[in-house]
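The values are calculated or read from the model by the stated rules, or taken from the named source; none is laboratory data. Small disclaimer: the values here were computed from a predicted structure and weren't measured. For neighbour counting, all protein chains shown are included, and Cβ atoms are generated from backbone atoms with ideal geometry for every residue, glycine included. The accessibility values were calculated without ligands, DNA or RNA, using every heavy atom of the protein model including side chains. Shrake-Rupley method; radii C 1.70, N 1.55, O 1.52, S 1.80 Å.
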Amino acid sequence: MVNSSTGSVFPDGFLWGGATAANQIEGAYDEGRRGLATSDFAPFISREANRGYEGDPLPHNAMTREMLDDALEHPEKWNLPKRRGIDFYHRYREQLAELAAMGFKVFRMSISWSRIFPNGDDAEPNEEGLAFYDAVFDECHRLGMEPLVTLCHFDTPLNLALKYGGFKSRHTVDAFERYAETVFSRYKGKVKYWLTFNEINNVLTNPFTCSGVVLPDPNDGTHNPYKGDWAMKYQVSHNQFVASAKAVIKCHEIDPEAKIGNMVCRLENYAESPKPEDQLQVLFEDHFNWFYSDVQAKGEYPYYMKRFFDENDIHIEMEPGDEETLKAGTVDFVTISYYMTYIMRYKGEPVPKPSGSLVSAIKNPYLEASEWGWPIDPLGFRITLNHIYDRYHLPIFISENGLGAVDQLDENGYVEDDYRIDYLKRHVEQLGEAIKDGVDVFGYAWWGPIDLVSSGTSEVSKRYGFVSVDLDDFGSGTHKLGRKKSFYYYKKLIASNGADLSTDNIVIE
Ligand code: BG6
């Protein structure tokens, strides 16, 4: 309930802040003895043409094996922005200082696995990589921000993808466990909050770019994010569940003070009509939504997957001990990215395959959408938080929520981004309502509090930040930082612990 002295519904010590990922900010892809990662091959996809290099049509977020091979041999032909990021690797001090200036309490970031183990499975970790993150965590603490660290955010070492098909192989599970153990021991006491895989459920739709790192292969359909060999994708998911559970167990053993969570891309579904069939479709789609967090939070495969696996001839190969590992490696808290909601229409199949409908959603006439067509649904945020809490009764952290937009920046990197302020205000309002409903939420991280490289399209011009970076999609720019109007709004919001959401008293300093 409302705190009488602060007027806030948010608990004292609520972790306000922002979220990033190594592959979208660090750059310096070939410095400090870092090895190549899958994300180093994600091509720029312009929103105008949605095309890759030399005019080839390129589906959103997809990458073919031919493109990967070509980019390995001729990287100069490609625009590969994730190799550049926003140069956080060299400029983290000034960039973190801007976030701290908004009063951030938490900074979500990820470790680049190939900075620690260049090939993913080297005999010894890379001291230069380890030292880099020591320096970043120290800086966060100096600035009063708690680092919340994802072990793997869409950037698995390329060597593991090429040699082992990523998480198709148990070799990658073992390598991940060793990597996790290494960073837990090194950063014990420095990092209190960990996450295992970013958006683990996206392996179904983007098996290469997400952490499953199954190589795109025309023969098994994995080059097409909306088709594919489901049996293989679910086997990859199983291997990732085991890897995640092993990391949880190690984390608890090595640092009993630390907490470790999961992270799923949460897609709340609404039925298109009151027709019971549409409602049934919501149930089916929700199964695929819940499956990942059910395993990670409850430690076992949910009942509803059995029928789906049976009817689709999917047989998960488990090794002895896997079930015990899943049971022992349940997470301490659950986290989500929340960007949008979907509309479901009955598809005439009793147990359909997941649509992974990032682009195929039916338009909701009651919602506006972002410039990238992502429906904006603050009320859905409250609804989804209630559903999650009801299911798990575990503390929730909002790992991502945000608005990508085309900002018209002036020469100081300033823009009157009232659209971003409005999005933030309306989502935080509903977050507050969910807390009043009784949902236990302990932090909120805006996605991309500083402009960064987009995950899906590798654009810098899809800007999420409160802090702007003078950079374009082709790596030109001074890296100069600017403060947008939303910078001052979020600062005021944080200072009041979420009590002051008004937009008419924003002080631009
Ligand atoms: C989430 C990812 O899917 O959405 C982030 O975890 C990503 O890495 C974010 O950046 C927004 O997506 P995009 O494609 O606009 O960068």
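Among the residues of segment 369-405, how many are among the charged types (D, E, K, R) and at pLDDT below 95?
So in segment 369-405, the residues among the charged types (D, E, K, R) come out as 371, 377, 382, 390-391, 400.
Those still in the list that are at pLDDT below 95 too: 371.
Result for segment 369-405: 1.
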field: Residue that is least open to solvent (accessible area, probe 1.4 Å) [pool: residues in segment 151-189 that are over 24 Å from Gly85 (Cβ atoms) and of a type in the set (Lys, Arg)]
entry: Arg170
field: Top-ranked residue in segment 16-40 [being farther than 13 Å from Pro157 by Cα and hydrophobic (A, V, I, L, M, F, W, C); ranked as nearest to the ligand (Cβ to nearest atom)]
entry: Ala21
- prompt: Wholly within segment 397-509, which strands (runs of 3 or more DSSP E) include no fewer than the required count, namely at least 1 residues that are within 16 Å of the ligand (Cβ to nearest atom), of a type in the set (Ser, Thr, Tyr) and within 22 Å of Ser5 (Cβ to Cβ)?
  reply: 441-447
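Based on this model, can you work out whether Gly120 counts as touching a strand residue (DSSP E or B) at 6+ places or on another chain (Cβ under 7 Å) and on the phi > 0 side of the Ramachandran plot?
Working: touching a strand residue (DSSP E or B) at 6+ places or on another chain (Cβ under 7 Å): yes; on the phi > 0 side of the Ramachandran plot: yes.
Judged against the criteria, Gly120 is a match.
Report whether or not Ile388 is under 19 Å from the mean Cα position of the chain (by Cα), buried (at least 19 other Cβ atoms within 10 Å of the Cβ), under 22 Å from Leu15 (Cα atoms) and more than 15 Å from the ligand (Cβ to nearest atom). It would help to see each step written out before you state the result.
Values: under 19 Å from the mean Cα position of the chain (by Cα): yes; buried (at least 19 other Cβ atoms within 10 Å of the Cβ): yes; under 22 Å from Leu15 (Cα atoms): yes; more than 15 Å from the ligand (Cβ to nearest atom): yes.
Answer is yes for this residue.
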message: So, Phe184, is that one closer than 21 Å to Gln296 by Cα, modelled with pLDDT of 90 or more and out of contact with any Gly (no Cβ under 9 Å at 6 or more places or on another chain) or not?
response: yes
query: In segment 311-346, how many are touching a helix residue (DSSP H, G or I) at 6+ places or on another chain (Cβ under 9 Å), open to solvent by 40 Å² or more (accessible area, probe 1.4 Å) and more than 22 Å from Ala243 (Cα to Cα)?
result: 4
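Is it the case, given these coordinates, that Met109 is within 16 Å of the ligand (Cβ to nearest atom), at pLDDT 95 or above and at negative phi?
Criteria met by Met109.
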- line: Thr150 meets each of (1) away from the ligand (no atom under 16 Å from the Cβ); (2) more than 13 Å from Arg186 (Cα to Cα) with one exception, condition (1)
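Restricting attention to segment 73-98, which residues are of a type in the set (Lys, Arg) and in a helix (DSSP H, G or I)? Full working, then the answer.
Just the residues of segment 73-98 that are of a type in the set (Lys, Arg), to begin with: 77, 82-84, 91, 93.
Correct list: Lys77, Lys82, Arg83, Arg91, Arg93.
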- prompt: Scanning segment 1-17 for residues that are part of a loop (DSSP other than H, G, I, E, B) and in contact with a Gly (Cβ under 8 Å, 6 or more places away or on another chain), which turns out most open to solvent (accessible area, probe 1.4 Å)?
  reply: Val9
task: Give the residue, chosen from Asp138, Asp174, that is farther than 21 Å from Gly32 by Cα and of a type in the set (D, E, K, R).
output: Asp174
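For segment 299-310, check the following and say yes or no: at least one residue is more than 23 Å from Pro147 (Cα to Cα), in contact with a Gly (Cβ under 8 Å, 6 or more places away or on another chain) and surrounded by fewer than 23 Cβ atoms within 10 Å (Cβ to Cβ).
yes
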- prompt: Got a number for residues in segment 368-385 being buried (at least 19 other Cβ atoms within 10 Å of the Cβ) and closer than 30 Å to Gly299 by Cα?
  reply: 5
- prompt: Any residue at all in segment 116-134 that is modelled with pLDDT of 95 or more, within 21 Å of Gly17 (Cβ to Cβ) and surrounded by fewer than 18 Cβ atoms within 10 Å (Cβ to Cβ)?
  reply: yes
query: When segment 261-317 is examined, which residues are found to be under 22 Å from Lys168 (Cα atoms), in a loop (DSSP other than H, G, I, E, B) and within 16 Å of the ligand (Cβ to nearest atom)?
result: Asn262, Met263
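Mind counting the residues in segment 154-191 that are in a loop (DSSP other than H, G, I, E, B) and more than 19 Å from the chain's Cα centre (by Cα)? Walk me through it before giving the result.
Here is the first cut: in segment 154-191, the ones in a loop (DSSP other than H, G, I, E, B) are 154-156, 165, 169, 187-191.
Subset that is more than 19 Å from the chain's Cα centre (by Cα): 165, 169, 187-190.
Qualifying residue count for the region: 6.
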Pairs with Cβ under 6 Å, 6+ apart, first in segment 439-455 and touching a residue at least 60 places away in the same chain (Cβ under 8 Å), second within 11 Å of the ligand (Cβ to nearest atom) and in a strand (DSSP E or B): Ala445/Ala19; Ala445/Arg108; Ala445/Ser399; Trp447/Ala19; Trp447/Glu400; Asp451/Arg463
task: Go through (1) surrounded by 24 or more Cβ atoms within 10 Å (Cβ to Cβ); (2) more than 17 Å from Leu424 (Cα to Cα); (3) not small (Gly, Ala, Ser) one by one and return the number of the condition Phe487 breaks.
output: (2)
